[in-house]
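Asker: My structure is below; once you've seen it, I'll send some questions.
The values are calculated or read from the model by the stated rules, or taken from the named source; none is laboratory data. Just so it is clear, the model here is predicted, and its values are computed rather than measured. No Cβ is skipped: glycine too gets one built from the backbone with ideal geometry, and neighbour counts run over all protein chains shown.
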Amino acid sequence: MARSWRNFFRRDTDEERERSQTVATEVLPESTDETSDVPTAEEVQAAREEPVEVEEIEEAAPGEVEEALPEPSEIEDAPDAETLVEEQESAGWFGRLRQGLTRSRESFVGQLNAAVAEFRDVEDEEFWEKVEEILISSDVGVPTTAKLVTELEQEALERNITSGEELRELMISHATRMLEGPVELDVSHQPTVILMVGVNGTGKTTTIGKLSRFLPGTTMFAAGDTFRAAAIEQLQQWGERTGTPVVARERGADAAAVAHDAIQAARREGTDVLLIDTAGRLHTKVNLMAELDKVQRVIQRQLPGAPHEVLMTVDATTGQNGLRQAKMFKEVAGLTGIILTKLDGTAKGGIALAIANEVGVPIKLISVGEKVEDLHPFDARQFAEALFGDL
Ligand SMILES: Nc1nc2c(ncn2[C@@H]2O[C@H](COP(=O)(O)OP(=O)(O)OP(=O)(O)O)[C@@H](O)[C@H]2O)c(=O)[nH]1
Ligand SMILES: [Mg+2]
């Protein structure tokens, strides 16, 4: 089944999962020595209930957070999530995706088409060199291209493929396999905390705004980018547009303190999903990473198990640079997913393959434009078809 918003959010609660795990453990053999150190469910629960200390963070003065929280405004003309999903699907997401990938398809797929049209013989080394060249020039990158071409060549040889059409189908299935990953977004917690990270200008704030339109239940934003001028206002505008309350402090405030306030507010208000924005740039990269680390620690201490998702926006137009950034953020921030943005602005959509193959974090969402409906759950097969399919 193609990935859509309807099967994108995982909503089963901790309780439901625990119940299914209990059933599973009942059939397990008696515990062995290695497992005897594992705490019992009661011990885990007791540990969870211990008061959590947050030393670095000053508590917000009474009323301070409330003041910062505007009442969700009525959003006229804005359809609810269900209607929005229906509109996006009925308008044909695949068409929009193909449209978004036009530049990529026109450049490298055009070249690939020409090469494949001439394909006759699997043992034609020149043909494979040409394919390699095309893939590398569209940012698939050297290691990923080598892997893909080796696999393709091997299977084409085994199956004695002689037609360009069969070869294209093979390319689509190999690319699909490479792009596939656990795509679902875990929104089963109360509140679920999603931390948005990434280099400046890659689309963090915009994606928070867009994503909130599709999320089930109630949402809240936290303006954790306290560094860039106008970053707080930008998120507040999204808050107004989407009817979402925004927790913010003044510019220059401690980002971890904002996250702390926001978790308190989300708990108090019974919010389903809290989306935390972060800075993409600080004075130095070391500062940025230290800040992200502190934000994460404060979140974890306040809400064990959170953040439940750490999503990184990667700007597809930055190509191999984006790939390097993703590897770095994975080390520091422990990513759970990548959101590949601005695919409409590049002729090098092949970067998706490099990211999927080399970073080891699934691409969960893609964006092919600035509008809300340009954001969509990532579907490996659909993407490979849109990229390699006939022009
Ligand atoms: N064409 C196109 N533009 C996009 C897409 N996603 C985001 N943008 C634009 O990219 C610009 C930067 O987006 P932001 O959301 O402000 O990026 P950011 O990561 O929050 O940037 P900083 O706050 O500076 O760290 C905005 O003008 C967005 O509208 C996309 O998929 N396609
Ligand atoms: Mg931003």
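Asker: Please specify each residue of region 232-276 satisfying the condition of being among the aliphatic types (A, V, I, L, M) and out of contact with any helix residue (DSSP H, G or I) (no Cβ under 6 Å at 6 or more places or on another chain).
Answerer: Passing the criteria: ILE232, ALA253, ALA257, VAL258, ALA262, ALA266, VAL273.
Asker: Another one. Select from region 76-127 the residues that are small (Gly, Ala, Ser) and in contact with a Lys or Arg (Cβ under 7 Å, 6 or more places away or on another chain) and write down the one among them that is nearest to ASP374 (Cα to Cα).
Answerer: ALA81
Asker: Find the residue count for region 193-214, including only residues that are within 6 Å of ligand 1 (Cβ to nearest atom), touching a Gly at 6+ places or on another chain (Cβ under 9 Å) and in a loop (DSSP other than H, G, I, E, B).
Answerer: Result for region 193-214: 4.
Asker: Considering only region 247-276, state which residues are within 14 Å of ligand 1 (Cβ to nearest atom) and surrounded by fewer than 22 Cβ atoms within 10 Å (Cβ to Cβ).
Answerer: If the condition is that a residue be within 14 Å of ligand 1 (Cβ to nearest atom) and surrounded by fewer than 22 Cβ atoms within 10 Å (Cβ to Cβ), then ARG251 is the only one that fits.
Asker: Given the condition more than 20 Å from the chain's Cα centre (by Cα), in a loop (DSSP other than H, G, I, E, B), more than 11 Å from ligand 2 (Cβ to nearest atom) and farther than 25 Å from SER4 by Cβ, answer yes or no: does some residue in region 164-182 qualify?
Answerer: Within region 164-182, none of the residues are more than 20 Å from the chain's Cα centre (by Cα), in a loop (DSSP other than H, G, I, E, B), more than 11 Å from ligand 2 (Cβ to nearest atom) and farther than 25 Å from SER4 by Cβ.
Asker: I need every pair where a residue in region 101-121 that is under 19 Å from GLU166 (Cα atoms) has its Cβ under 6 Å from the Cβ of a residue that is assigned to a loop (DSSP other than H, G, I, E, B) and of a type in the set (Lys, Arg), sequence separation at least 6 or different chains.
Answerer: none
Asker: Scan region 277-325 for residues that are among the small types (Gly, Ala, Ser) and away from ligand 1 (no atom under 14 Å from the Cβ) and report the count.
Answerer: Matching residues across region 277-325 total 4.
Asker: For the condition under 32 Å from the mean Cα position of the chain (by Cα) and in a helix (DSSP H, G or I), what is the one hit in ALA146, ALA115?
Answerer: Residue meeting the stated conditions: ALA146.
Asker: Here's something else I'd like to know. Quick one: what pairs do we get from region 204-227, first residue farther than 21 Å from ARG11 by Cα, second part of a helix (DSSP H, G or I) and more than 15 Å from ligand 1 (Cβ to nearest atom), C-beta under 7 Å, 6+ apart or different chains?
Answerer: Going by the 7 Å Cβ cut-off, the qualifying pairs are ALA222/ALA259; ALA222/ALA262; GLY224/ALA259.
Asker: Please tell me if GLN237 is surrounded by fewer than 19 Cβ atoms within 10 Å (Cβ to Cβ), of a type outside the set (A, V, I, L, M), under 20 Å from THR206 (Cβ atoms) and within 13 Å of ligand 1 (Cβ to nearest atom).
Answerer: For GLN237, the condition - surrounded by fewer than 19 Cβ atoms within 10 Å (Cβ to Cβ), of a type outside the set (A, V, I, L, M), under 20 Å from THR206 (Cβ atoms) and within 13 Å of ligand 1 (Cβ to nearest atom) - is met.
Asker: So in region 269-302, with the set limited to residues that are of a type outside the set (Val, Ile, Thr) and free of Cβ contacts under 8 Å to residues at least 24 places away in the same chain, which one is farthest from ligand 2 (Cβ to nearest atom)? Quick ask: steps written out before the conclusion?
Answerer: Keep residues of region 269-302 that are of a type outside the set (Val, Ile, Thr), which gives 269-270, 272, 274-275, 277, 279-283, 285, 287-294, 296-297, 300-302.
Those left that are additionally free of Cβ contacts under 8 Å to residues at least 24 places away in the same chain: 283, 285, 287-288, 290, 300.
Details: HIS283: 17, LYS285: 17, ASN287: 17, LEU288: 13, ALA290: 19, GLN300: 23 Å.
In this case the residue turns out to be GLN300.
Asker: Count, please, the residues in region 89-115 that happen to be of a type in the set (Val, Ile, Thr) and at pLDDT below 85.
Answerer: Final tally of qualifying residues: 1.
Asker: Same structure, new question: Within the group VAL258, VAL247, which residue is within 16 Å of ligand 2 (Cβ to nearest atom), farther than 16 Å from GLY209 by Cα and in contact with a strand residue (DSSP E or B) (Cβ under 7 Å, 6 or more places away or on another chain)?
Answerer: Working: VAL247 fails: farther than 16 Å from GLY209 by Cα.
On inspection, the qualifying residue turns out to be VAL258.
Asker: Exactly one condition in (1) surrounded by fewer than 17 Cβ atoms within 10 Å (Cβ to Cβ); (2) over 16 Å from ASP225 (Cβ atoms); (3) touching a Lys or Arg at 6+ places or on another chain (Cβ under 9 Å) is not met by ASN357; state its number.
Answerer: (1)
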